[in-house]
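The values are calculated or read from the model by the stated rules, or taken from the named source; none is laboratory data. Here the structure is a predicted model, which means the values were calculated and not measured. Cβ atoms come from the backbone with ideal geometry, glycine included; neighbour counts cover every protein chain shown.
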Amino acid sequence: MAASSGGKKLLPEPSKGTSAASAHSSILRKSSSEKPVTEATGSGSKSSRNEDLHSVLVTSVLNLERLDLDLYSNEHSNRCTFTGTHHWVPRSRMLFGGQIVGQALVAAAMSVSENIYAHSLHCYFVRAGDPKVPVLYQVDRIRDGKSFSVRSVKAIQHGNPILICQSSFQRKMESPIHHQFTMPVVPSPNELLTQEELIQKYLRDPALTEKYKVGLTKLLAEEVPIEIKPINPPEYYRRVALESKQHFWVRARGYIGEGNMKLHCCVAAYISDYSFLRTALLPHFQYKVKFMASLDHSMWFHAPFRSDEWMLYECESPWAGSCRGLVQGRLWKQDGVLAVSCAQEGVFYVKPSAAESKL
Ligand SMILES: CCCCCCCC(=O)SCCNC(=O)CCNC(=O)[C@H](O)C(C)(C)COP(=O)(O)OP(=O)(O)OC[C@H]1O[C@@H](n2cnc3c(N)ncnc32)[C@H](O)[C@@H]1OP(=O)(O)O
């Protein structure tokens, strides 16, 4: 039975044989009849890891199951594809923050009408997510105005909130007031190696110590549903203080298509938390992280974009102190349009690291 709010049907009636869950994923996609296509590069080649061409972020990670009006679970993604209950969990063994934010935005987006779009979100990560159990998403409809709608979502595990997320949606509106910064000048994605290709290159270095070989091999084996092309990556064996800035090209792994901007915003929420907080650690090579976690995460969506096409992630950390670090980021489309701005504070507990070289 499709959800309804105030009598309006928010969700299409699931067609015969369609589970309620996939009926919901279709609300975030323009049409489920999109055919998988070859890579955005048009090379016709299959995606790098020979995986299904449709992005797993859409087919599973962000495909929530509706349990009741304004109540969702990601249990569904657990049944159909993965051994664990979550697609990818960082080595910290806490649920990846980007996953919880992306899924919370999906739940909020299910509760607003078709013709309004996410323009901002603000979250606090209040407890570490447990990778062994699914997450419930409870949506509170705070207000529906003429132009803006506000939602509050609680991500819940073991009866406690792990994330609280406020998001706001706006009807399309034109305005003569418009400006943006200029996109940084960097090498294009075609000129760069992917993170995997870089790791393969490092692993071919005969002088690499066993310890770093193991670490890099583990990193290579992780099924992160994001593709990254670092710009000017530091030589892995260099132990020097770097500026608290980094740039990399990033996109969802696999195909998503034009789809619905709500879906691309949810994917961008997932992508925006990957490798973001580490920007604040770049100047502090002499310390080893004992505990690190995002405390909050904010995003502002400025212009339409495709999260399955390369975007430049410009990240910087203006400040760190009191066991916290602030990072700010801008996602740029290849045509120079500023698509998304992000900000996040994280907590770090560190200890002096041994000064051994990686060679
Ligand atoms: C590239 C790969 C991606 C990496 C992802 C990185 C970004 C993320 O996605 S992190 C996931 C999203 N964020 C979260 O899950 C955070 C959720 N929130 C929380 O866990 C809590 O609110 C938290 C920890 C931030 C603060 O809670 P609070 O009760 O005050 O905890 P706190 O007292 O600081 O201690 C927390 C832990 O930090 C450690 N810790 C605390 N103080 C110290 C210290 N001085 N030195 C060393 N460790 C310490 C301990 O392990 C402690 O756990 P425990 O007490 O169980 O041993």
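Taking (1) modelled with pLDDT of 95 or more; (2) under 22 Å from the mean Cα position of the chain (by Cα) in turn, residue 283 satisfies each apart from (2). Of all residues in the stretch 231-261, exactly one satisfies the criterion of being of a type in the set (D, E, K, R), within 20 Å of residue 301 (Cβ to Cβ) and at pLDDT 95 or above, namely 251.
Filtered by the rule that a residue be more than 16 Å from the ligand (Cβ to nearest atom) and touching an Asp or Glu at 6+ places or on another chain (Cβ under 9 Å), the stretch 137-168 gives 138, 139, 140, 141, 150, 151, 152.
Scanning the stretch 212-245 for residues that are in contact (Cβ under 8 Å) with a residue 60 or more places away in the chain, exposed (fewer than 14 other Cβ atoms within 10 Å of the Cβ) and either over 27 Å from the mean Cα position of the chain (by Cα) or not in a loop (DSSP other than H, G, I, E, B) (or both) turns up just one, 218.
Under 7 Å by Cβ, and 6 or more places apart or on different chains, what pairs join a residue from the stretch 105-127 that is within 10 Å of residue 170 (Cβ to Cβ) with one that is within 16 Å of the ligand (Cβ to nearest atom) and part of a helix (DSSP H, G or I)? Correct list of pairs: 118/105.
With a requirement of 3 or more residues that are touching a Ser or Thr at 6+ places or on another chain (Cβ under 9 Å), on the phi < 0 side of the Ramachandran plot and away from the ligand (no atom under 12 Å from the Cβ), the strands (runs of 3 or more DSSP E) lying completely within the stretch 246-338 that satisfy it span 296-301, 311-321, 324-333.
Using the structure shown, decide if residue 188 is crowded, with 17+ Cβ neighbours inside 10 Å, under 24 Å from the mean Cα position of the chain (by Cα), at pLDDT 95 or above and small (Gly, Ala, Ser). So residue 188 does not fit the description; no.
Results for (1) among the hydrophobic types (A, V, I, L, M, F, W, C); (2) over 14 Å from the mean Cα position of the chain (by Cα), shown as yes or no for each residue.
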position	(1), (2)
250	yes, no
260	no, yes
270	no, no
276	yes, no
289	yes, yes
292	yes, yes
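In the set 176, 184, only one residue is more than 18 Å from residue 62 (Cα to Cα), in contact with a Phe, Trp or Tyr (Cβ under 8 Å, 6 or more places away or on another chain) and more than 16 Å from the ligand (Cβ to nearest atom); that residue is 184.
Considering each of 317, 298 in turn, give the residue that is polar (S, T, N, Q), out of contact with any Phe, Trp or Tyr (no Cβ under 8 Å at 6 or more places or on another chain) and surrounded by fewer than 22 Cβ atoms within 10 Å (Cβ to Cβ). Steps first, please.
On the way: 317 fails: surrounded by fewer than 22 Cβ atoms within 10 Å (Cβ to Cβ).
Within the list 317, 298, the selection yields 298.
Residue check: residue 348 meets all listed conditions (1) within 13 Å of the ligand (Cβ to nearest atom); (2) in a loop (DSSP other than H, G, I, E, B) but one, namely (2).
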